[in-house]
Amino acid sequence: GAVVSQHPSWVICKSGTSVKIECRSLDFQATTMFWYRQFPKQSLMLMATSNEGSKATYEQGVEKDKFLINHASLTLSTLTVTSAHPEDSSFYICSARVLTGAIGYGYTFGSGTRLTVV
Amino acid sequence: AQTVTQSQPEMSVQEAETVTLSCTYDTSESDYYLFWYKQPPSRQMILVIRQEAYKQQNATENRFSVNFQKAAKSFSLKISDSQLGDAAMYFCAYRSTTSGTYKYIFGTGTRLKVLA
């Protein structure tokens, strides 16, 4: 259980276009999802936290107008990279908070999306 | 603010041998969670082991165990009987237990190579 499906797994887009990445919780309701960015051979950097039905909370230095996050349902969060540029090329990973048992929470990760902007 | 430091960018271990990956962290909180995640070439993040700070007993999961030293703010991962499938990036992570704070703070990772 507690599977997060992330789509697409890789995408190539032209500079100036927008691309949408989806993150779906398949067998649970995800009230909170996280979006990370990972540069080659580097760690995961949290970009934003999204809560269902409310605006995302962005980390310092992340452009909210460039990285649009929508969490309109309990099973779907999307990240849209608007007016993409080559420097936006990276690996993007989503994660969802999962209720485990009566009071515990676990976190499960999507398989990631490799974005290449040409 | 909390920080997580992994001082070993890369480690190598012979198959069937034991290796220890280091992690230190800094926090002013008394209760928190610590994790080790594995990221193989597929880039899928896989939870290896988890430790609650209020528990003195070190967590173990089969061949994986931790040495949690709360006072020293140290959280190392020991992999016993290393297997080729253990080769991956390993990330140490911290998570607060403060209500409303759910995000992870990751270290920079250690690339583990397993030699046949």
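The values are calculated or read from the model by the stated rules, or taken from the named source; none is laboratory data. Note that this is a predicted model, so its numbers are computed, not measured. Note: areas computed on protein heavy atoms with side chains; ligands, DNA, RNA excluded. Shrake-Rupley method; radii C 1.70, N 1.55, O 1.52, S 1.80 Å.
Before moving on, here are some points about what is shown:
- Extents of chain B, taken as max minus min of Cα coordinates on every principal axis and listed largest first, are 45, 28, 22 Å.
- Dimensionless Rg ratio for the protein assembly as shown, taking C-alpha atoms and the 2.2 N^0.38 Å reference: 1.03
- Per residue value of the accessible surface for the protein assembly as shown (all protein chains in place, 1.4 Å probe), Å²: 49 Å²
- Sequence-distant contacts, meaning Cα pairs under 8 Å at least 6 residues apart, place the relative contact order of segment B:47-116 at 22 percent.
- Taking N as its residue count, the alpha carbon Rg of segment B:53-116 over 2.2 N^0.38 Å: 1.30
- B/A buried area, accessible surface, summed, 1.4 Å probe, Å²: 1500 Å²
- Computed on chain A, with alpha-carbon pairs under 8 angstrom and 6+ residues apart, the relative contact order is 36 percent.
- One Cα centroid belongs to segment A:5-21, the other to segment B:1-47; the line between them spans 30 Å.
- The convex hull around the C-alpha trace of chain A, projected and averaged over every direction, spans 7.2 square nanometres.
- The largest-to-smallest principal axis extents of the Cα set in segment B:22-62 are 35, 24, 16 Å.
- Whole-percent carbon and sulfur share, accessible surface of segment B:1-100, 1.4 Å: 45 percent
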